[in-house]
Each structure stands twice: as C-alpha cells, then as structure tokens.
Amino acid sequence: MTDEASQRPAVGPVAQLLEKKHERQFHHYPDYFYAGFWIRSFAYLLDLLCILAITKIVLGVPTNLLGLSKSSELFSIYGFSTLLIYLAYFILMTKINHGQTIGKMVFGIRVVCYTEEELSWQTVLVREGACRFVLRGSLFMLGYLVTIFTPNKQHIGDYFSDTSVVTLNLLAAREGVQKNDSN
C-alpha cells in the first residue's frame, strides 16, 4: 500500500506561487524583454527622489511655517501623509501614464499585465498600493530580490497582480521589425 502523501512532491506555498502558470492573453515576450533588477532599482531610486521633492513641497513647507514636528512614525499625521503621498505617486503615475512612473520613463521601462491589454485600476491598486505598502518595510524589501531569480523578472507584487516590467527599446525594435516584415 502506497502512502498518498509520499507520492506528492513537497512543494511549499512560495514555490507554488513562483511556478504559477500565467494565462497569457496579452503581452507575451521572450525572457530578454523583461527589465532586470538593477534597472528597476535605479528607476525606483529616481522615483523616491521625486516623492521626496513632492513631500518636501506639499508637507515640508506648511510644517515648517506652522512649526509642527516631522515624525516619521506611521501613526503620526506627518508619517501617514508621507505614506499617502508615496502610494498615491505610484498608483496615479502608473495608471495615468500607462504603466510608467517618472523613474520608469527615464530608464525606458514599463509595467505590463499578462491578463489585460491596459492596466486596470484593480491591477494598479494591488501592485502599486497593497504590494508596495507591504514591500516598503526593511525586511519585506527582500521580496524585490525575487526579481533576480525568476524568468520574467517578477517580484512578489508582480506575482499577485500578474504583471512584469519590460524594456521599451526592445518593444520598439520588435515593432519596427514586424512593420518591415509586413512591407
């Protein structure tokens, strides 16, 4: 008599998530089209500089004029407001600019979804709202390192929202080749 449990492979929930098969109705590219860890990191750093500038203008000036304290604690008014600016920046920029923040524009990369032609509000809110909120903590930032080891260069937030980040120069080159082939 064989034991049913011994026939099943020992696979944890993280491994199942990483091996998840996507129903790729849209945006299926070769592996080298996907933006890697470093270019995404540099785009993120540029976005953080933009967020810092927005925060200094929107919150810093009134706080200094009124003589209020700038506590970075989440439950302070200033800390909660900086979190709102951080999340609003990523959510609004990604949705309004078709998958690009200022950092992604500068580095020529874009968020694409496997199951949607254009990013929906639901996808953007999951990826840029919920996942960025969770992954912004120092320990949870390790979730971005998964990008190095996955074939489509996806971090944990990308897996939850069926998205990834692609390089626009390769997409433009592909479009040019396809147009030349049709002529």
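The values are calculated or read from the model by the stated rules, or taken from the named source; none is laboratory data. Everything quoted here is computed from the prediction, not taken from an experiment. Heads up, the Cβs are rebuilt from the backbone with ideal geometry, glycines too, and the neighbour counts pull from every protein chain shown. Ligands, DNA and RNA are excluded from the accessible area calculation, which covers all protein heavy atoms including side chains. Shrake-Rupley method; radii C 1.70, N 1.55, O 1.52, S 1.80 Å.
Numbers below:
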{"quantity": "Members of segment 62-86 that are outside any helix (DSSP H, G or I) and touching a Phe, Trp or Tyr at 6+ places or on another chain (Cβ under 8 Å)", "calculated": "LEU68, SER69, LYS70, SER71, SER72, LEU74"}
{"quantity": "Hits in segment 101-132 - residues which are touching a strand residue (DSSP E or B) at 6+ places or on another chain (Cβ under 7 Å) and part of a helix (DSSP H, G or I)", "calculated": "LYS104, THR123, ARG127"}
{"quantity": "Residues being open to solvent by 60 Å² or more (accessible area, probe 1.4 Å) and either without any contact (Cβ under 8 Å) to a residue 24 or more places away in the chain or among the small types (Gly, Ala, Ser) (or both) - total across segment 29-47", "calculated": "1"}
{"quantity": "Flag for GLY99 being touching a Leu at 6+ places or on another chain (Cβ under 8 Å) and either more than 18 Å from TYR29 (Cβ to Cβ) or open to solvent by 50 Å² or more (accessible area, probe 1.4 Å) (or both)", "calculated": "no"}
{"quantity": "Residue in segment 168-183 that is part of a helix (DSSP H, G or I), modelled with pLDDT under 90 and touching a helix residue (DSSP H, G or I) at 6+ places or on another chain (Cβ under 6 Å) present", "calculated": "yes"}
{"quantity": "Residue list for segment 133-160, filter: of a type in the set (D, E, K, R) and either at pLDDT below 90 or in a loop (DSSP other than H, G, I, E, B) (or both)", "calculated": "ARG136, LYS153"}
{"quantity": "Scope segment 125-142; condition open to solvent by less than 30 Å² (accessible area, probe 1.4 Å), farther than 21 Å from PHE33 by Cα and within 14 Å of the chain's Cα centre (by Cα); matching residues", "calculated": "GLU128, GLY129, CYS131, ARG132, LEU135"}
